[in-house]
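Enquirer: The structure under discussion is supplied below as structure tokens; questions concerning it will follow.
The values are calculated or read from the model by the stated rules, or taken from the named source; none is laboratory data. Small disclaimer: the values here were computed from a predicted structure and weren't measured. Here Cβ is always computed from backbone atoms with ideal geometry, including for glycine, and neighbour counts include all displayed protein chains.
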Amino acid sequence: MTVSNLDPFYLIVDRSDWLTRLLPLGVKLVQLRVKDRSGPELRAEIARARDLCRAAGAQLVVNDYWELAIEEGCDFVHLGQGDLDTADIAALRRHGVRLGVSTHDDAELERALALSPDYVALGPVWPTLLKKMDFAPQGLDRLAAWKRRVGEIPLVAIGGLTPGRACLALASGADSACVVTDVLRATDPESRTVEWVAATAPWREAGELVRPFAADYPGARILPSPNHGPRARSVSALVLHYTGMPSAESALELLCSPIHEVSAHYVVEEDGAVLQLVPEARRAWHAGVSSWAGETDINSASIGVEIVHPGHIDPHPYPTPQINAVIALCRDICARRAIAPQRVLAHSDIAPRRKIDPGEFFPWDALAAAGVGRDIAPMPPDTGPALDLDMAGAAVSDLQRRLSAFGYKVTETGVYDEDTAAAVSAFQRHFRRARVDGRADASTLDALTRLLALSGADHV
């Protein structure tokens, strides 16, 4: 292992016994942090960890005990700021021992950089259970800023990490994600270790998937997700989603984790911040099993935008700064990609049996007024006759033909089946938002007729 290529999964253990259990699972970078032993026991722990790591082809880093590390032939130590006061850095260098240094603020970073360290650690990135910290959680923005400052020196993120948070830390610029309690205090440490190895795999094995890239939208901040592949179609649609999760962070953990295999090109946060996770030239994995106007590889044919919102568990209005940012982003995408208004779609449009986002409370009218997508002012819902489940006949066949012509995946059977009801609900959720019930009443039929005419498909 070279200095510039720290493994993205950095495990800290408090005794060498852990190594016999966890090294065989794929751990390649481990720190021995022993706090409860001294004298011969401490030396024996370091020597045993050294031998186990060498046999497994793993890098051992010794915490604090730099003199013992030299004496026992170890080649990497980690020192906190207090340890630097007494450590003989020149002696470490003479013996070819590499050095990692903890930092928490600007002054500590400058002190560390003056030593030409082999890595810099920043923490705590998130709140930590391991020990009481004098520093507040640093956050991902600070992590990204630290990486810009350290340049080619590897950056280690530490504090409060889980596999999902590790993916965010690595996407934000960390070269390695450090963990203690999430593994050692897990109910099943072996299974948790396997999850960590899998979550960090793209940063270990497929660097081309997580390499930073130039933003396609000038207002976007890059947060690379590994979940993408080559396109098989040219872009012809824009699909809008809500995240349906409690927070932006929880959504980003999902979208950046290779374990979950989902992503989107963009995420728009509640304050209007725009993140780009996947280059537009690549196929993001946002649509799932879906269809529109005969196209079944919607991922290849579309740009996907996730809008941070808890969804139907809390269907409150989308914040104005967020919608303004969505409008600006979508206008830019549609202009650059020549996406027609009728091809600005909801996730519920392309997968009506599975999805209901971005919801009937999404302001499609505001987007249309700004030139994004298509919307109409529908007639109010009525209580009169309506086509409904299990009805059959020519009127149902006509509805199915028109829904299909509009783009929904509906087969003309002449029977008002579950697929038809789901397509009608999706249509209502987008274009007749006052009531979503899956019944084709006069208001729904009128809206469909008018929209077909606008799209030039009213000849069916």
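Enquirer: Cβ-Cβ below 9 Å, separation at least six or inter-chain, first residue in region 311-322 and under 13 Å from GLY244 (Cβ atoms), second surrounded by fewer than 11 Cβ atoms within 10 Å (Cβ to Cβ): which pairs?
Expert: Here the result reads none, with nothing in region 311-322 linked to a residue that is surrounded by fewer than 11 Cβ atoms within 10 Å (Cβ to Cβ).
Enquirer: Oh, and also: With respect to ARG283, determine if the residue is outside the structural domain of THR411 (by TED's automatic domain parsing), under 22 Å from TYR217 (Cα atoms) and part of a helix (DSSP H, G or I). Reasoning before the result, please.
Expert: Numbers: outside the structural domain of THR411 (by TED's automatic domain parsing): yes; under 22 Å from TYR217 (Cα atoms): yes; part of a helix (DSSP H, G or I): no.
No.
Enquirer: If you check every pair at least six apart or on different chains, which have Cβ atoms under 8 Å apart with a residue in region 62-73 that is touching a residue at least 24 places away in the same chain (Cβ under 8 Å) first and a residue that is buried (at least 20 other Cβ atoms within 10 Å of the Cβ) and among the aromatic types (Phe, Trp, Tyr) second?
Expert: Final answer for the pair search is VAL62/PHE76; ALA69/PHE76.
Enquirer: All but one of (1) surrounded by 17 or more Cβ atoms within 10 Å (Cβ to Cβ); (2) under 19 Å from the mean Cα position of the chain (by Cα) hold for LYS147, so report the exception by its number.
Expert: Unmet condition: (2).
Enquirer: Name the residue, out of THR320, THR296, THR243, that is under 20 Å from TRP364 (Cα atoms), surrounded by fewer than 19 Cβ atoms within 10 Å (Cβ to Cβ) and among the β-branched types (Val, Ile, Thr). Talk me through it step by step, then tell me what you get.
Expert: Details: THR296 fails: under 20 Å from TRP364 (Cα atoms); THR243 fails: surrounded by fewer than 19 Cβ atoms within 10 Å (Cβ to Cβ).
Of THR320, THR296, THR243, the one residue that is under 20 Å from TRP364 (Cα atoms), surrounded by fewer than 19 Cβ atoms within 10 Å (Cβ to Cβ) and among the β-branched types (Val, Ile, Thr) is THR320.
Enquirer: Another one. Kindly indicate the residue of region 160-185 that is of a type in the set (S, T, N, Q) and more than 14 Å from the chain's Cα centre (by Cα) and also farthest from GLU253 (Cα to Cα) among those meeting that condition. Don't jump to the end; show me each part of the working.
Expert: Filtering region 160-185 down to residues of a type in the set (S, T, N, Q) leaves 162, 172, 176, 181.
This time we only want the ones that are more than 14 Å from the chain's Cα centre (by Cα), so: 176, 181.
Numbers: SER176: 16, THR181: 19 Å.
So, considering only residues that are of a type in the set (S, T, N, Q) and more than 14 Å from the chain's Cα centre (by Cα), the one farthest from GLU253 (Cα to Cα) is THR181.
Enquirer: Among GLY219, GLY159, GLY207, which is the only one that is more than 21 Å from GLY26 (Cα to Cα) and free of Cβ contacts under 8 Å to residues at least 60 places away in the same chain? Give the derivation first.
Expert: Values: GLY219 fails: free of Cβ contacts under 8 Å to residues at least 60 places away in the same chain; GLY207 fails: more than 21 Å from GLY26 (Cα to Cα).
Criteria check complete, one pass: GLY159.
Enquirer: Another question, then. Restricting to region 160-213, give me the number of residues that are touching a strand residue (DSSP E or B) at 6+ places or on another chain (Cβ under 7 Å) and under 14 Å from LEU6 (Cβ atoms).
Expert: Of the residues in that region, 11 qualify.
Enquirer: Still on this structure, I have one more. State which residue is nearest to LEU23 (Cα to Cα) when the search covers only region 185-204 and only residues that are touching a residue at least 12 places away in the same chain (Cβ under 8 Å), among the hydrophobic types (A, V, I, L, M, F, W, C) and surrounded by fewer than 18 Cβ atoms within 10 Å (Cβ to Cβ).
Expert: Filtering first and then ranking leaves VAL194.
Enquirer: Here is a further query. Let me spell it out: the conditions are (1) more than 13 Å from the chain's Cα centre (by Cα); (2) of a type outside the set (Ser, Thr, Tyr); (3) crowded, with 16+ Cβ neighbours inside 10 Å, and LEU223 meets all of them except one. Which number is the exception?
Expert: (1)
Enquirer: List every residue pair whose Cβ atoms lie under 8 Å apart, where the two residues are 6 or more positions apart in sequence or sit on different chains, the first residue falls within region 96-117 and is over 12 Å from TRP146 (Cα atoms) and assigned by TED's automatic domain parsing to the domain that holds GLN138, and the second residue, located anywhere, is assigned to a strand (DSSP E or B) and basic (Lys, Arg).
Expert: Correct list of pairs: empty, since none qualify.
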